[in-house]
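The values are calculated or read from the model by the stated rules, or taken from the named source; none is laboratory data. Model, not experiment: these values are computed from the prediction. Note that we place each Cβ from the backbone using ideal geometry, even for glycine, and neighbour counts take in every protein chain shown. For the accessible areas, the whole protein counts, side chains as well, though only heavy atoms, and no ligand, DNA or RNA atoms are used. Shrake-Rupley method; radii C 1.70, N 1.55, O 1.52, S 1.80 Å.
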Amino acid sequence: MAKKKSILNKKSIDFLEKYLNNAAPTGYEWEGQKIWMNYLTPYVDEFITDTYGSAVGVINPKAKYKVVIEGHADEISWYVNYISDNGLIYVIRNGGSDHQIAPSKVVNIHTKNGIVKGVFGWPAIHTRNRAKEEAPKPDNIFIDVGCATKEEVEKLGVHVGCVITYPDEFHILNDNKFVCRALDNRMGGFMIAEVARLLHENKKKLPFGLYITNSVQEEIGLRGAQMITETIKPNVAIVTDVTHDTTTPMIDKKKEGHLELGKGPVVAYAPAVQQKLRDLIIDAAETNKIPFQRSALSRATGTDTDAFAYSNGGVASALISLPLRYMHTTVEMVHREDVENVIKMIYESLLKIEEGEDFSYFK
């Protein structure tokens, strides 16, 4: 059987690697946004940016009706919270950082003098009381930068409020699994950028304005999306984020549902998901033989979909998720075919949207 032709080219993968390897913690997304905007520049007519760093590439900016495709740009991280007299650094979360994976991880502490390297230390197994083993917790994990005093640490430029990220970089396992920290959700920014590239290369003319939106601060409460949707005031929003592959150990499928890497994008069912828009997306997938999975979400999606849906008096919104293993770790994993199929699903859905007189289809 002939191998399917990939829609991702070498330039795409080079961009993905550069974009993922750059640190963009919540509140400090600008360098990543610059990389993203530079890649997107040939495919859009103009850019919008806001005070906190959300970035939007616009196609057909003068069109009356506006469609958003969106991902979020930020990654989880830590803040320096306290420096002890003997030079150890204690932290608090910036987003949903997982304290259980921290011990023995190398970290980058971002200072005005540049990166200061450190490690999350942990007592050796020989010294721990196995009968009363203490688990890693936010109040007992600490970073060692090789200093003996608080003053030594401060001379390096480290102070309370410095942001801390992991340096783990992009790699590929078994030819088709992308692995890195921060796939949640810079994969979203990558996928919507690829939609813009395909529209440009295939010379597709849309009858509406397309706002390719890379929001900030999702990891601390959808804040970037809340701001940028008020700026754009879209008629329709198709949001992409990640969701859990539930086939690995210690996940209850009766609670989380059955979702699996390599089986296609995940279409969400939730109150914030507008039914007609979801049906259009599913029709686009079925017409173009794009495999997909379904997920039911109670009350809120927990993604930027909620921010768009309930803004501006109500925006027709839908969520297409990318299955991912090991969320909020440094070895997040997705399947290349799922990535390509999310791109195809968004692309084909856009081609199905007709402007009409007032986008009345979505009302």
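Listing for the model above:
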{"item": "Residue in region 38-45 that is in a loop (DSSP other than H, G, I, E, B), of a type in the set (A, V, I, L, M), within 18 Å of Val179 (Cα to Cα) and in contact (Cβ under 8 Å) with a residue 60 or more places away in the chain present", "result": "no"}
{"item": "Residue check for Ile35: within 22 Å of Ile164 (Cα to Cα), crowded, with 16+ Cβ neighbours inside 10 Å, of a type in the set (A, V, I, L, M) and touching a residue at least 12 places away in the same chain (Cβ under 8 Å)", "result": "yes"}
{"item": "Yes/no for Asp168 being under 30 Å from Val342 (Cβ atoms), part of a loop (DSSP other than H, G, I, E, B), open to solvent by 60 Å² or more (accessible area, probe 1.4 Å) and acidic (Asp, Glu)", "result": "no"}
{"item": "Residues satisfying the stated conditions in region 198-216, i.e. over 11 Å from Leu350 (Cβ atoms) and buried (at least 23 other Cβ atoms within 10 Å of the Cβ)", "result": "Tyr211, Thr213, Asn214, Ser215, Val216"}
{"item": "When residues of region 72-92 are limited to those that are touching a helix residue (DSSP H, G or I) at 6+ places or on another chain (Cβ under 8 Å) and within 30 Å of Ala193 (Cα to Cα), the one surrounded by the fewest Cβ atoms within 10 Å (Cβ to Cβ)", "result": "Ile76"}
{"item": "Failed condition for Asp306, given (1) of a type outside the set (A, V, I, L, M, F, W, C); (2) in contact (Cβ under 8 Å) with a residue 60 or more places away in the chain; (3) more than 22 Å from Ser215 (Cβ to Cβ)", "result": "(3)"}
{"item": "Subset tally (residues that are part of a helix (DSSP H, G or I) and open to solvent by 10 Å² or more (accessible area, probe 1.4 Å)) for region 1-32", "result": "10"}
{"item": "Unmet criterion (only one of (1) closer than 23 Å to Leu222 by Cα; (2) among the hydrophobic types (A, V, I, L, M, F, W, C); (3) not in a strand (DSSP E or B)) for Ala63", "result": "(1)"}
{"item": "Any chance Gly57 is touching a residue at least 60 places away in the same chain (Cβ under 8 Å), on the phi > 0 side of the Ramachandran plot and of a type outside the set (Ser, Thr, Tyr)", "result": "no"}
{"item": "Cβ pairs under 6 Å, 6+ apart, first in region 15-32 and touching a residue at least 24 places away in the same chain (Cβ under 8 Å) and over 15 Å from Tyr79 (Cβ atoms), second of a type in the set (D, E, K, R) and surrounded by fewer than 21 Cβ atoms within 10 Å (Cβ to Cβ)", "result": "Asn21/Glu169"}
{"item": "Complete set of residues in region 126-137 that are touching a helix residue (DSSP H, G or I) at 6+ places or on another chain (Cβ under 9 Å) and either open to solvent by 40 Å² or more (accessible area, probe 1.4 Å) or of a type in the set (S, T, N, Q) (or both)", "result": "Ala135, Lys137"}
{"item": "Sole exception among (1) free of Cβ contacts under 8 Å to residues at least 40 places away in the same chain; (2) farther than 27 Å from Tyr19 by Cβ; (3) among the small types (Gly, Ala, Ser) for Ala148, by number", "result": "(1)"}
{"item": "Filter result (in contact with a Gly (Cβ under 9 Å, 6 or more places away or on another chain) and among the charged types (D, E, K, R)) within region 134-159", "result": "Asp144, Lys150, Glu151, Glu152"}
{"item": "Qualifying residue in region 340-351 (condition: touching a residue at least 24 places away in the same chain (Cβ under 8 Å), surrounded by fewer than 16 Cβ atoms within 10 Å (Cβ to Cβ) and not hydrophobic (A, V, I, L, M, F, W, C))", "result": "no"}
{"item": "Cβ pairs under 7 Å, 6+ apart, first in region 155-171 and among the small types (Gly, Ala, Ser), second in a loop (DSSP other than H, G, I, E, B)", "result": "Gly157/Lys112; Gly157/Asn113"}
{"item": "Filtered residues of region 270-325 (kept if loosely packed, with under 15 Cβ neighbours inside 10 Å and part of a helix (DSSP H, G or I))", "result": "Gln275, Lys276, Asp279, Asp283, Glu286, Thr287"}
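Yes/no per residue for (1) open to solvent by 90 Å² or more (accessible area, probe 1.4 Å); (2) in contact with a strand residue (DSSP E or B) (Cβ under 6 Å, 6 or more places away or on another chain):
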{"position": "Ser97", "(1), (2)": "no, yes"}
{"position": "Gln100", "(1), (2)": "yes, no"}
{"position": "Lys105", "(1), (2)": "no, yes"}
{"position": "Thr111", "(1), (2)": "no, no"}
{"position": "Val119", "(1), (2)": "no, yes"}
{"position": "Ala124", "(1), (2)": "no, no"}
{"position": "Asp139", "(1), (2)": "yes, no"}
{"position": "Thr149", "(1), (2)": "no, no"}
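Okay, residues lined up against (1) of a type in the set (Asp, Glu); (2) within 32 Å of the chain's Cα centre (by Cα):
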position	(1), (2)
Asn129	no, no
Ala135	no, yes
Asp139	yes, yes
Gly146	no, no
Glu151	yes, no
Gly157	no, yes
Cys162	no, yes
